[in-house]
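Taking it in order: structure first as structure tokens, then the write-up.
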Amino acid sequence: MKAKILFISLIALFILAACQPAADFDIRGEWEYTMTTTDGNTYDTGTITFDGEAAKGTYLEINIYQVEYKGEFTVNGTAFKLTGDETWEGTLTDANTISGNWSHTDGASGTFTAKRK
């Protein structure tokens, strides 16, 4: 009976592991980014470092004024999302480029582009 329970538990574990979102690209590492406001002006530039697993983890963003922002990111296929003081939602167009839209808790918003360093 114990063997049967163990066998069923292992099967359930494999099924749950297969349901995890998969990232088409591994974004871990350091990137340079530019954030542009909706009126076309540069809002911020700097570096962002992604750490953790390929599909999810944490980030550390340091802008040109040396202000640090921290939060979490997820990647599902080519879809990218970053949450924290800012929210970035975008697409990985290849292994070295992410682009999309951003919004900040201060009400500012616009588009962003990030390139792997």
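Quick notes on this one:
- Sequence-separation-based contact order of the stretch 22-116, relative, with Cα cut under 8 Å and 6+ spacing, percent: 27
- Taking other C-beta atoms within 10 Å as the exposure proxy, Val75, Val67 rank Val67, Val75 from fewest upward.
- Listed residues Phe73, His104, Thr38: farthest to the positive end of the dipole of the stretch 22-116 (Cβ charges): Phe73
- The aspartates and glutamates whose alpha-carbon is closer than 16 Å to the alpha-carbon of Lys56, local same-chain residues fewer than 8 away aside, are Asp24, Asp26, Glu30, Glu72, Glu89.
Bear in mind that the values in this text are calculations on the coordinates, not laboratory data. No experiment lies behind these values; they were computed from the predicted model shown. Here Cβ is always computed from backbone atoms with ideal geometry, including for glycine, and neighbour counts include all displayed protein chains.
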